[in-house]
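The values are calculated or read from the model by the stated rules, or taken from the named source; none is laboratory data. On a predicted model such as this, the values are computed, not experimentally measured, just so you know. Here the Cβ positions follow ideal geometry from the backbone for every residue, glycine too, while neighbour counts run over all protein chains shown. Note: areas computed on protein heavy atoms with side chains; ligands, DNA, RNA excluded. Shrake-Rupley method; radii C 1.70, N 1.55, O 1.52, S 1.80 Å.
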Amino acid sequence: MLAGYDMTPPDPRAVRELRLEIEEFHAAYCWALDRGALEEWPDFFTEDALYRVTARENADSGLPVGLVYAEGKAMLRDRAFAIAKTQMFAPRYLQHMVSNVRVLTLAEPVRAQANYLLLQTLMEGPTTIHQAGRYYDTFSRVDGRLLLKERQCVYDTLLIANDLVYPV
Amino acid sequence: MLAGYDMTPPDPRAVRELRLEIEEFHAAYCWALDRGALEEWPDFFTEDALYRVTARENADSGLPVGLVYAEGKAMLRDRAFAIAKTQMFAPRYLQHMVSNVRVLTLAEPVRAQANYLLLQTLMEGPTTIHQAGRYYDTFSRVDGRLLLKERQCVYDTLLIANDLVYPV
Amino acid sequence: MLAGYDMTPPDPRAVRELRLEIEEFHAAYCWALDRGALEEWPDFFTEDALYRVTARENADSGLPVGLVYAEGKAMLRDRAFAIAKTQMFAPRYLQHMVSNVRVLTLAEPVRAQANYLLLQTLMEGPTTIHQAGRYYDTFSRVDGRLLLKERQCVYDTLLIANDLVYPV
């Protein structure tokens, strides 16, 4: 568990509205990834955003820097471009299921968490569990829209290097 | 991706209310199927409804007609009756998980999408991923209730003929 | 299907608010279990609560008493303590996905159901489906908060004795 992710915020109504807005954010974010529109992915982040993917074992030990680390939207763009360009891996379909969204702070920057299940289908094959984990998010509101100021994806699943290529 | 499923509709409040209503629709629809009440299934559709189940590969290529195709509630009733009657397959439990609901148009006919994960348990066995995919829905409001005017289920998973017998 | 779980309640607005509140309950409850805070688990129940875990086959036959049965918060506390203390099993990560929440009665005690998917990851291994099933819940409101007066977990998956140790 990451520090601070067990708080209960005060105003249930406002928390609920924010939770629903965050669910809509997740649906849009995941849909960009699931349909392969990698070039849209950086637009869900602020200019100075942090993006990290970390094994739960490391996160629990207070070692939050994981195998994937990007700082700033430019780095996210480079990453998205590289993935889209190189096509080094077998084609596959990805699908995100997101549930159990929890809002942790109402005041900005908004902090929230959610459970994700990332399903993978290689061409002409069965669908398998690619990765299960939690999003630990910090949102800023820019021009009325929520954007990720920080997203830390903490995965339970044992992953190998190749599995980390695609954004979560 | 199906044409038109990347629009952003204008009124966030109204979209949210509609999204919540659609989630309730999914919960009721899936519960009818998951508890085996196949005879209730056609009642979630309008009289002139279209129901299709299509592989993602075909949908992406603009070939929306899939292995399962039903036009009109009478055809859905025939199908439900045939499945309930014949019992040709091994008994199994099915469970739907639905997430990432997105509303695409507020004006009727309402268009929306959602991710589904269909889990299957054969008697005395483990639970496996039977099918992962997306609903592309068009709803009409009839006597105040949302009904499906069109449901296209686009699945990622490689399926064989037998797997397509049960409604999604 | 359990008796009474196919009713449609009357007031859609109030049902929606209650559904959203129950979703928040599930997110908090599952987060306690998923992060291993077993000592918090009994606090989601009323003093006189019933907790049962039953195979679907038994539930469908009207045999609701399952392999796990606890009556009263004290028994839940004993159980949580025993599990936390003994550590008899290999370490593992658990993650709950909850969806398809349905409210069945507005009047107290509130009755509701939901689908759950419990994912399990053994250390350094893949993530697998541990259990899929449905919560059949009865809630009481105590000091403004929803608490479980009864939770019956009905699972589809074939389980062995060891799998039933951890709370669902």
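Quick look at the numbers
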item: Scan of segment C:25-35 for residues that are touching a residue at least 12 places away in the same chain (Cβ under 8 Å) and open to solvent by 10 Å² or more (accessible area, probe 1.4 Å), ordered by number; result: C:Phe25, C:Ala28, C:Leu33
item: One residue from A:Arg79, A:Arg151 being open to solvent by 50 Å² or more (accessible area, probe 1.4 Å) and closer than 27 Å to B:Arg134 by Cβ; result: A:Arg79
item: Pick from segment A:117-127, criterion within 9 Å of another protein chain (Cβ to nearest Cβ), out of contact with any Lys or Arg (no Cβ under 6 Å at 6 or more places or on another chain) and part of a strand (DSSP E or B), ranking: nearest to C:Gln120 (Cα to Cα); result: A:Leu117
item: Number of positions in segment B:92-126 that are open to solvent by 10 Å² or more (accessible area, probe 1.4 Å) and among the polar types (S, T, N, Q); result: 4
item: Filter result for the condition that a residue is more than 9 Å from every other protein chain (Cβ to nearest Cβ) and in contact with a helix residue (DSSP H, G or I) (Cβ under 6 Å, 6 or more places away or on another chain), over A:Leu50, A:Leu38; result: A:Leu38
item: Whichever residue in segment B:45-70 is farther than 22 Å from A:Leu94 by Cβ and open to solvent by less than 20 Å² (accessible area, probe 1.4 Å) and, among such residues, is modelled with the lowest pLDDT; result: B:Val68
item: In segment B:128-168, residue nearest to B:Ala49 (Cα to Cα) [restricted to those that are within 14 Å of chain A (Cβ to nearest Cβ) and modelled with pLDDT under 90]; result: B:Asp163
item: Residues within segment A:129-162 that are part of a strand (DSSP E or B) and over 10 Å from the mean Cα position of the chain (by Cα), tallied; result: 14
item: Positions within segment B:96-126 being closer than 16 Å to A:Leu117 by Cα and touching a residue at least 24 places away in the same chain (Cβ under 8 Å), in sequence order; result: B:His96, B:Val98, B:Val101, B:Ala114, B:Tyr116, B:Leu118, B:Leu119
item: Where A:Asn100 falls short, out of the listed (1) of a type in the set (S, T, N, Q); (2) within 21 Å of A:Arg16 (Cβ to Cβ); (3) away from chain B (no Cβ under 14 Å); result: (3)
